[in-house]
1. Out of all the residues in segment 20-58, which are closer than 17 Å to T7 by Cβ, over 13 Å from the mean Cα position of the chain (by Cα) and not aliphatic (A, V, I, L, M)?
2. From (1) among the aliphatic types (A, V, I, L, M); (2) touching a helix residue (DSSP H, G or I) at 6+ places or on another chain (Cβ under 6 Å); (3) open to solvent by 70 Å² or more (accessible area, probe 1.4 Å), pick out the condition that doesn't hold for A13.
3. Looking only at segment 1-10, count every residue that is among the aliphatic types (A, V, I, L, M), open to solvent by 80 Å² or more (accessible area, probe 1.4 Å) and in a helix (DSSP H, G or I) and tell me the total.
4. Are there any pairs, at least 6 apart or on different chains, whose C-beta atoms fall under 7 Å, with the first in segment 38-62 and within 20 Å of A17 (Cα to Cα) and the second of a type in the set (V, I, T) and in a helix (DSSP H, G or I), and if so, which?
Amino acid sequence: MKGMFWTGLVVPAVACAITALVVGPDSWLGWAAVLAVVPAAATGVAVAFMVQDRIRERRPTA
């Protein structure tokens, strides 16, 4: 559970940070990537929890 949470939080944040560094902080697109970190990370966490719930639903119960 914690692994999925951290993966969903870190991966989008790293992707946005790399994009901001590649584009450059002196352009508006670089700053847009920096500002996109919070919503992207929140979406990543939501997707991670949804995937985990679907995996849990597919497991056979005893």
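The values are calculated or read from the model by the stated rules, or taken from the named source; none is laboratory data. A quick note: this is a predicted structure, and the numbers were derived from the prediction, not measured. Reconstructed Cβ throughout: ideal geometry from the backbone, glycine too, with neighbour counts over all protein chains shown. Note: accessible area is taken over every heavy atom of the protein model, side chains too, but ligands, DNA and RNA are not part of it. Shrake-Rupley method; radii C 1.70, N 1.55, O 1.52, S 1.80 Å.
1. If the condition is that a residue be closer than 17 Å to T7 by Cβ, over 13 Å from the mean Cα position of the chain (by Cα) and not aliphatic (A, V, I, L, M), then Q52, D53, R54, R56 are the ones that fit.
2. The failed condition is (3).
3. 0
4. G44/V11; A48/T7
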